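The values are calculated or read from the model by the stated rules, or taken from the named source; none is laboratory data. Because the structure is predicted, anything quoted here is derived from the model rather than measured. Positions of Cβ are generated from backbone atoms using ideal geometry, with glycine treated the same way; all protein chains shown enter the neighbour counts.
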Amino acid sequence: MSGEEARGGLRALAARSWAFLRRPLVRRAFSVACFAAAVWLIWVQLSQFSIGDFVAALLATPAPAVGLSIALTAASYLCLSTTEWMALHAWGRRLSYWQAAQVAIPSYALTNSAGFSPATGTVMRVQLYARRGLGAGQSAKVAMLAGAAVTVSGLVAGGAMMLLKRRMFAAALHLPEALVVALALALVAPASLWFVTFTTRAPRWLGGAPERHLSPAQRMLGLAAGLGDWLFSCAALFVLLPDPRWQIFAGFLWAYIGGSVLSAATGVPGGIGVFEALMLLLTHIVARAHETAAALLLYRCIYSFGPLGLISVHGLLRRLRAAPAGRT
């Protein structure tokens, strides 16, 4: 068999394997298996503690910490709205920041609660952007670009933190400091995409077009918003721990990024259970399992369910005010 035939066979095998993995039944089975494994991991982590320990840790969370977590959550959603606004401008749609926020906040609140962001976030955007003159295809492009920017920003944020705390990471990973710096620079490198995509000189596959022009200030703002989202959302969980020492925040951020990306990849709605299991597994040196579990429950309520609940209540009140008096 020639080399060309061997490569063709490998490509055909990869295509068949990818088609098999994309089958709905296979994806559902994979999600169920991941959820079952997460439940088992949570049970193993928490089996040595009682319900009373968990409730005590929950009640011991200071009110100022809860308030700070809410404020950090709001800052994270503002950053997500900025990323959405930049994605709109990159595709040549000049909507205001407030118009972008009115779409981004409910879209991300839904995906953070229900998961399946490529589906739920896109469907929500199609419905909301239709009122602002965007077609389904344009809404899907915005969802794709905004989602990609958020995901890549997580790797950049982790790389930047590794670069700032290179000695700490070198000691923790038992690696030479030079190798840690090289890994950090490789992770930070995708930040350059903010400055080479969607320009008048960029190729078509990188979004190049005459009408798609972002100023250097806008590009810096988009990069800062992507990094800020991860830092604020991670800090919203970190402050709920019983002893949030900021000296260990860099390591906690890496655990948070890993838990978020891996839980999203499983396809479990909202990563519920999977994210919690991974955080319990990765942060055992930060706090005891029942304390981390209490912080995770509060965080899930504040960051995921809180915005969605507020939006639902706001929509209900708008409908009640708009309904005729005799039908209220």
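Structure values in brief
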{"read-out": "Long-range neighbours under 6 Å by Cβ, at least six apart or interchain, first residue more than 14 Å from Ile51 (Cα to Cα) and touching a residue at least 60 places away in the same chain (Cβ under 8 Å) within region 280-297, second surrounded by fewer than 21 Cβ atoms within 10 Å (Cβ to Cβ) and of a type outside the set (A, V, I, L, M)", "value": "Leu280/Gln45"}
{"read-out": "Residues of region 79-93 classified as part of a helix (DSSP H, G or I) and within 13 Å of Ser139 (Cα to Cα), total", "value": "6"}
{"read-out": "Residue check for Leu187: buried (at least 19 other Cβ atoms within 10 Å of the Cβ), in contact with a Leu (Cβ under 8 Å, 6 or more places away or on another chain), of a type outside the set (Gly, Ala, Ser) and free of Cβ contacts under 8 Å to residues at least 40 places away in the same chain", "value": "yes"}
{"read-out": "Residue match in region 237-244 (condition: in contact with a Pro (Cβ under 7 Å, 6 or more places away or on another chain) and not aliphatic (A, V, I, L, M))", "value": "yes"}
{"read-out": "Helices (runs of 4 or more DSSP H) within region 167-255 that include 2 or more residues at pLDDT 90 or above", "value": "177-188, 216-238"}
{"read-out": "Residues of region 274-288 satisfying the condition of being in a loop (DSSP other than H, G, I, E, B) and modelled with pLDDT of 75 or more", "value": "Arg288"}
{"read-out": "Number of the exception - Trp40 against (1) over 30 Å from Arg132 (Cβ atoms); (2) assigned to a helix (DSSP H, G or I); (3) at pLDDT 70 or above", "value": "(3)"}
{"read-out": "Which listed residue is buried (at least 18 other Cβ atoms within 10 Å of the Cβ) and closer than 30 Å to Ala109 by Cα, from Leu262, Leu206, Leu155", "value": "Leu155"}
{"read-out": "Tabulated pairs, region 55-66, first surrounded by 14 or more Cβ atoms within 10 Å (Cβ to Cβ), second part of a helix (DSSP H, G or I) and not aliphatic (A, V, I, L, M), C-beta under 7 angstrom, 6+ apart or interchain", "value": "Ala57/His290; Ala57/Glu291"}
{"read-out": "Filter result (surrounded by fewer than 19 Cβ atoms within 10 Å (Cβ to Cβ) and at pLDDT 75 or above) within region 103-125", "value": "Val123"}
{"read-out": "Close pairs (6 angstrom Cβ cut-off, 6 or more residues apart or separate chains): under 20 Å from Ala171 (Cα atoms) in region 250-275, at pLDDT 70 or above and among the charged types (D, E, K, R) anywhere", "value": "Ala250/Lys165"}
